[in-house]
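Enquirer: Submitted below is the structure of interest, expressed as structure tokens.
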Amino acid sequence: MPMRIGDTIPTFEGATEWLNKLQETADDYVKGAPTLVYFWATSCGICKENMPKLHELKAKYKDRGLRTVAIHMPRYEADTDLEKVKADIAEHCIDDVCAVDNQHKLKTAFLNEQGWVPIYYLFDADGKLKSRAAGEFGIGVLTGALEKMFPMQQSATA
């Protein structure tokens, strides 16, 4: 069963590697902040196609407090090549803290049973799930959820 609206954000324990590291743990980084967690894979064409739209959304809401965590979840053996992951991070300008989930522990924690990529999870500042969307139309769903979470009148207070 997938995560449901209102579920609490899981911990990020179990990542096999962290790239674009923080000075703190990812759990501390997202605490008390609205957070977008997204799963992607080097072998996922839709993930790469969605990156420019995802970058636009992140830029729009970053100054309003949105935190982002990327999770690279391999779908195939070739996806576990860390150098390829790093090259794709550079090529697609992924500047988020990025977990590598080679053992699928984060996939399990986020109840991503189908192994969907891309999949986007939006949590509010209390760590409660507000939206979950997957696939090529996930960005559209995410856009609507972000607009509800950050109404335009709040933009002047950021």
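None of the figures in this text is laboratory data; all of them are computed from the coordinates on show. Because the structure is a prediction, the values reported are computed rather than measured. Note that we place each Cβ from the backbone using ideal geometry, even for glycine, and neighbour counts take in every protein chain shown.
Enquirer: Only sites in a loop by DSSP and with at most 16 other Cβ atoms within 10 Å count here; which GluC sites (Glu not before Pro) in the stretch 60-144 make the cut?
Expert: E113, E136
Enquirer: Tell me, what HN-Hα J-couplings in whole Hz come from the Karplus equation 6.51 cos²θ - 1.76 cosθ + 1.60 at θ = phi - 60° for each residue of the stretch 105-111, using x for Gly and Pro?
Expert: The phi angles translate into 6, 6, 3, 5, 4, 8, 6 Hz.
Enquirer: Also: In percent, what relative contact order does the chain have, based on Cα pairs under 8 Å that are 6 or more apart in sequence?
Expert: Computed over the chain, the figure is 36 percent.
Enquirer: I've got another one for you. Can you pull out the chymotrypsin sites (Phe, Trp or Tyr not before Pro) in the stretch 1-74 that DSSP calls coil and that have at most 14 other Cβ atoms within 10 Å?
Expert: When the chymotrypsin sites (Phe, Trp or Tyr not before Pro) of the stretch 1-74 are filtered for loop state and at most 14 Cβ neighbours within 10 Å, nothing remains.
Enquirer: Using only Cα atoms, tell me the angle between helix 82-91 and the longest principal axis of the chain; keep it within 0 to 90° and round to the nearest 10.
Expert: For helix 82-91, the angle is close to 40 degrees.
Enquirer: With only Lys, Arg, Asp and Glu charged, each at its Cβ (+1 for the first two, -1 for the last two), find how big the charge dipole of the stretch 1-94 is about the Cα centre; round to the nearest 20 debye.
Expert: 480
Enquirer: Now, a different point. Every cysteine in the chain with no other Cys Cβ under 4.7 Å from its Cβ, please list them in numeric order.
Expert: C93, C98
Enquirer: With θ taken as phi - 60° and the coefficients 6.51, -1.76 and 1.60, list the Karplus ³J(HN,Hα) couplings across the stretch 116-123 in order, rounded to whole Hz; mark glycine and proline as x.
Expert: 5, 9, x, 9, 10, 10, 10, 10
Enquirer: Let me know the Kirkwood hydrodynamic radius for the chain, please, with Cα pairs as the basis and the value in Å to one decimal.
Expert: 15.6
Enquirer: Continuing with this model, one more query. Just want the answer: with Cβ charges of +1 for Lys and Arg and -1 for Asp and Glu, which residue in A26, G144, F110 is farthest toward the dipole's positive end in the stretch 17-149?
Expert: G144
Enquirer: With θ taken as phi - 60° and the coefficients 6.51, -1.76 and 1.60, list the Karplus ³J(HN,Hα) couplings across the stretch 9-15 in order, rounded to whole Hz; mark glycine and proline as x.
Expert: 4, x, 6, 9, 5, x, 4
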